[in-house]
Amino acid sequence: MFAVCSACPLAWAENENVEFDSSFLMGPGSNSVDLSRYTNGNAIAAGIYDVSGYVNNTLVTTLKLEFIDAKNGKTEACITPKILSQLHVRLPDDMPEDAVWLKRDDRANSCLKLSRAIDQSTVHFDGGDQRLDIGVPQMWVQKGFANSVDPSLWDDGIPAAMLSYNLNAWKNQNNEGTDDSVYAGFNGGVNLGAWHFRAQGNYSWQKEGESSIEYQNRYVQRDIAFLRSQLILGESGTSGETFDTVNIRGARLYSESQMLPPQLASFAPTIRGVAKSNARVSITQNGYKIYETTVPPGPFVIDDLSPSGYGADLEVTITEADGTKHTFTQPFSSLVQMMHPGVGRWDVSIGEVNDDSLRDKPGLAQGTFYYGFNSTFTGYSGIQATDNGYLAGLLGLGMNTSAGAISFDVTQSQARIPEDQTYSGQSYRVSWNKFFTPTDTSLNIAAYRYSTKDYLGLKDALTLIDDANHSSGDRVRNMNSYARMKNQFTISLNQTLQSGDETYGSIYLTGSWSDYWVTNDSRSSFSAGYSNNWGWASYSVSLQRTYDEDNNRDDSVYLSLTIPLDKLLGRETSGGGFHTLNSSVNSDFNGNNQFNTSASGYSADNRWNYSVSTAYDMRKEDKNLSTVSSYVSYDSGYGSLAASASASNDSSRQYSLNTDGGFILHRGGLTFSNQSFGDSDTLVLIEAPGAKGARIDYGNSTVDRFGYGVGSSLTPYRENMVSLDIDQLENDVELKSTSSTVIPRRGAVVLSRFETDQGRAAIINLVRSDHKPVPFTAEVYDEKQTLLGTVGQGSQAFVRGIGDSGDLVVRWTLKNQSQSCRLHYQVTQQDEQNGGKTLVFNAVPCIMQ
């Protein structure tokens, strides 16, 4: 066998000395420059550096590389087995002993001589580009590792406690009275090693009602790497991919898809709606309020939900400033996920059903399994069983075909109802998803389901069993009086209108319809929309029609025009101010119409967002209503703050305050985040002493005055780049690097340290006592012989680490003779008031020694 190393970079010249000819340098004093330090080629000082890692000329990742002083006067890079694992390079099993040139207790951190460990391998480091190039024969490069990381590199994180919160206070005054309410949602937790405790819940208060506290999930979680799974003990929700979501109190073990090399996307619905005024939007699932916020007038989009599972619809309630409410349901179900050939996925739950509407808490065991037979077929199955007489089994098949992704499954249920009989029935479900490339059309029949009359899902069965055990007389619901789903159909279509390079906008169509056994009631909803740009303006129109169970029809049309004020007024867009003008018309085709105009903008640093709007309602059965409103939000380092107010000519008034954010308690103190985070989110704690004001990942989260900051939105089990933007640093501090890579486990709080130098920096323009220039590359030392900096062109030195006053010595070599001069500096009170900027000393005498 013969292995070829393709595109291998050049190695370090280990034994070759290089001599530089100073005669090629030009300018006064050029022949006095000391170039002897570069004779050995490698002039990298000992330390740890953030570098880009390349394998066979292909960028793999960024990593921390340590350089260590060697016996030959040079420094050498410490290439460890851990670094090679990060670069997806494997080592031979029979590696010779002399391949390790620095042995450490942890073998994964021992330094290797790679050319001895792997034949025909090379190592090269470019200090200018901070680039590490490793060349190895292709046989030693691990396959199939795109977007994945070796499990040995997964980081458990640090011990920490965290709390994320969302507070919303609402006040509405009108002729009928006052409506005051407060909502607080929170996600709290404690991390100890690989174990994570979490608690999720909310507090609600209303002036005319009772206050309440609800907990949705309280559990302990950890991952199990060798099983590629997550373990949850406590309160949690089952996945809704196979059966409908149900909350349980017990144990759940499920496979973690993100531990696999392929990236598997998760799904959460996007909520779209239109507010006629400053409105409160509340979203509930399975009877629990999972989200609430305040939105300004006009269309809104909520795309940061964290619903429980995938199989329970979301109920959205919009409460307007005048107290009117509009409620609609967002269908929430997922298509079957096709599995890669030979890959399986499982989910096992056991415990008691955690449902406040049930008086008994039956025990439940549920299991599901998916397996990819090949590139075309994925099989899946599931079973549900309770200790009070319910049993259901599911068998399904997913197909990846040229006609699209299709899945079909059958569920057989059996429910024993006390004082009645045992009912058995079937439910059939088909799903189809297809993207038509030639026409850029996305067609999605999310689900069609038909259930026979005697079929009962778990929630329906448990409700009837609970009623039979605890109700009597006419209050007992049975199969002849209990409405349950018969047919359900959902479809959506998205189409881009394009001819050649010309785009004529896009349209969407959505529809849903369902009916029920016993009552024969049905519900349906249909919507269509079109959007496009006209010059630098954009416009859209949408239509919606709904029928409730009583066949009452509700129609609406919404037209919107958005104009960028910067384009209209011919000004630059970089500064703050009002930037967008929006006008809209809304009608229900029944004599009720609304006209709305708003202007919105933001500050130059994007921390402030604000809008003002006016609205005019034409009402068929009431007097017309005029409203003015305003909305403002501020993205601080401690969380976002928002406020709104509106007033109408019917004497109604509306006010609201909202804040959300979070904090982490760790051994270094309490650090706030301006972003809220979910119970399963993965966080990074930035430690950068003195780097106050540095922005994290170029967002609005910053490092605080204690040198800490919080970043979120990390992807578990993947390499995540964490960056600091130092343009707005408030202190004179030097960062050795501005980016790092972390590889967290799910739910972990990982620590990312950034090395800083907080010593006072200064630029010193030197004047030698003999009136000659100070040589380029001369070194500057303090009285303790600590190297503070070097001299650049024009006798200008940059140093870091000086005190309030003192003496410095500048040293250089001329014709193999050491020379030096001494200078004195004094920091004045005026220098101290320069706002943390680098000091500048001009014409400082340097007395020759």
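The values are calculated or read from the model by the stated rules, or taken from the named source; none is laboratory data. For clarity, every value in this text was computed on a predicted model and none was experimentally measured. Quick reminder, even Gly has a Cβ in these numbers, built from the backbone with ideal geometry, and neighbours come from all protein chains shown.
Just checking, which of Q830, Q758, Q793, Q785 is polar (S, T, N, Q), under 43 Å from the mean Cα position of the chain (by Cα) and at pLDDT below 90?
One residue alone meets the criteria, Q758.
If a residue has to be assigned to a loop (DSSP other than H, G, I, E, B) and either crowded, with 16+ Cβ neighbours inside 10 Å or charged (D, E, K, R) (or both) to count, how many in region 146-193 make the cut?
Total satisfying the criteria: 8.
Could you check, for region 614-630, whether at least one of its residues is closer than 24 Å to G576 by Cβ, at pLDDT below 90 and in contact with an Asp or Glu (Cβ under 8 Å, 6 or more places away or on another chain)?
no
Please enumerate the residues belonging to region 59-105 that are more than 24 Å from V722 (Cβ to Cβ) and among the acidic types (D, E).
D69, E76, D93, D94, E97, D98, D105
Restricting region 318-340 to residues that are polar (S, T, N, Q) and under 30 Å from Q258 (Cα atoms), which is modelled with the lowest pLDDT?
Taking the candidates together, the pick is S334.
Looking at region 785-796, which of its residues are closer than 17 Å to T813 by Cβ and in contact (Cβ under 8 Å) with a residue 24 or more places away in the chain?
V791, S795
From the set of residues in region 750-781 that are small (G, A, S) and in contact with a Gly (Cβ under 9 Å, 6 or more places away or on another chain), which is surrounded by the fewest Cβ atoms within 10 Å (Cβ to Cβ)?
Ranking the qualifying residues of region 750-781, first place goes to G759.
On the given criteria, is L84 assigned to a helix (DSSP H, G or I) and modelled with pLDDT of 85 or more?
It is true that L84 is assigned to a helix (DSSP H, G or I) and modelled with pLDDT of 85 or more.
Given D725, D782, D757, D732, which one is touching a residue at least 12 places away in the same chain (Cβ under 8 Å), touching a strand residue (DSSP E or B) at 6+ places or on another chain (Cβ under 6 Å) and over 30 Å from L670 (Cα atoms)?
D782
Hey, can you tell me all the residues within region 87-132 that are more than 30 Å from P261 (Cβ to Cβ), part of a loop (DSSP other than H, G, I, E, B) and without any contact (Cβ under 8 Å) to a residue 60 or more places away in the chain?
Within region 87-132, P96, K103, D105, K113, G128 qualify.
Given the criteria on the phi < 0 side of the Ramachandran plot, surrounded by 17 or more Cβ atoms within 10 Å (Cβ to Cβ) and either among the polar types (S, T, N, Q) or within 17 Å of the chain's Cα centre (by Cα) (or both), does D617 qualify?
no
Assigned by TED's automatic domain parsing to the domain that holds N765 and crowded, with 17+ Cβ neighbours inside 10 Å: does that describe L823?
Yes; evaluated as a whole, the condition is true for this residue.
Yes/no matrix, rows are residues, columns are (1) under 18 Å from D588 (Cα atoms); (2) exposed (fewer than 14 other Cβ atoms within 10 Å of the Cβ):
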| residue | (1), (2) |
| --- | --- |
| E502 | no, yes |
| S512 | no, no |
| S524 | yes, no |
| G529 | yes, no |
| S538 | no, no |
| Q544 | yes, no |
| N551 | yes, yes |
| T562 | no, no |
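Tell me yes or no: at least one residue of region 370-378 is part of a strand (DSSP E or B), in contact with a Lys or Arg (Cβ under 8 Å, 6 or more places away or on another chain) and modelled with pLDDT under 95.
yes
Quick check on region 210-234: of everything there that is hydrophobic (A, V, I, L, M, F, W, C) and under 22 Å from V353 (Cα atoms), which residue is surrounded by the most Cβ atoms within 10 Å (Cβ to Cβ)?
I232
For region 769-779, name all the residues that are touching a residue at least 40 places away in the same chain (Cβ under 8 Å) and not small (G, A, S).
The answer is D770, K772, P773, V774, P775, F776, T777.
When you look at G747, is it outside any loop (DSSP other than H, G, I, E, B) and surrounded by 15 or more Cβ atoms within 10 Å (Cβ to Cβ), yes or no?
It is false that G747 is outside any loop (DSSP other than H, G, I, E, B) and surrounded by 15 or more Cβ atoms within 10 Å (Cβ to Cβ).
Any idea which of D347, D360, D355 is buried (at least 16 other Cβ atoms within 10 Å of the Cβ), assigned to a loop (DSSP other than H, G, I, E, B) and modelled with pLDDT of 80 or more?
Step by step, each of D347, D360, D355 is checked, and only D355 is buried (at least 16 other Cβ atoms within 10 Å of the Cβ), assigned to a loop (DSSP other than H, G, I, E, B) and modelled with pLDDT of 80 or more.
Mind counting the residues in region 235-252 that are modelled with pLDDT under 90 and more than 21 Å from L358 (Cα to Cα)?
Here the count works out to 2.
Would you check which residues across region 77-118 are under 25 Å from L59 (Cα atoms) and in contact with a Cys (Cβ under 9 Å, 6 or more places away or on another chain) and list them?
Correct list: A77, C78, I79, T80, N109, S110, C111, L112.
If the requirement is being more than 24 Å from G707 (Cβ to Cβ) and of a type in the set (S, T, Y), which of these qualifies: T777, T741?
It is T777.
Please work out if L729 is out of contact with any helix residue (DSSP H, G or I) (no Cβ under 7 Å at 6 or more places or on another chain) and either modelled with pLDDT under 90 or in a strand (DSSP E or B) (or both).
Yes: the conditions hold for L729.
Of all residues being among the polar types (S, T, N, Q) and at pLDDT 75 or above in region 264-304, which is surrounded by the fewest Cβ atoms within 10 Å (Cβ to Cβ)? Just the residue, please.
Per the criteria, the residue is T284.
Would you confirm, using the coordinates I've provided, whether D650 is modelled with pLDDT under 95, of a type in the set (D, E) and under 16 Å from G185 (Cα atoms)?
Considered against the rule, which asks whether it is modelled with pLDDT under 95, of a type in the set (D, E) and under 16 Å from G185 (Cα atoms), D650 comes out as no.
Please go through (1) in contact with a strand residue (DSSP E or B) (Cβ under 9 Å, 6 or more places away or on another chain); (2) at pLDDT below 85 for T741 and return the number of the only condition it doesn't satisfy.
Going through the list (1) in contact with a strand residue (DSSP E or B) (Cβ under 9 Å, 6 or more places away or on another chain); (2) at pLDDT below 85, T741 breaks only (2).
How about region 468-516: which of its residues are at pLDDT 90 or above, farther than 23 Å from I271 by Cβ and of a type in the set (F, W, Y)?
Across region 468-516, the qualifying residue is only Y516.
Which condition does A643 not pass, out of (1) buried (at least 19 other Cβ atoms within 10 Å of the Cβ); (2) over 30 Å from W195 (Cα atoms); (3) among the aliphatic types (A, V, I, L, M), if it passes all the others?
(1)
Scanning for something surrounded by 15 or more Cβ atoms within 10 Å (Cβ to Cβ) and part of a loop (DSSP other than H, G, I, E, B), does region 782-799 turn up at least one residue?
Yes, region 782-799 contains a residue that is surrounded by 15 or more Cβ atoms within 10 Å (Cβ to Cβ) and part of a loop (DSSP other than H, G, I, E, B).
Scan region 647-701 residue by residue and report those that are in a strand (DSSP E or B), of a type in the set (K, R) and touching a residue at least 60 places away in the same chain (Cβ under 8 Å).
R653
If S211 satisfies all but one of (1) within 22 Å of the chain's Cα centre (by Cα); (2) without any contact (Cβ under 8 Å) to a residue 12 or more places away in the chain, what's the number of the condition it fails?
Failed condition: (1).
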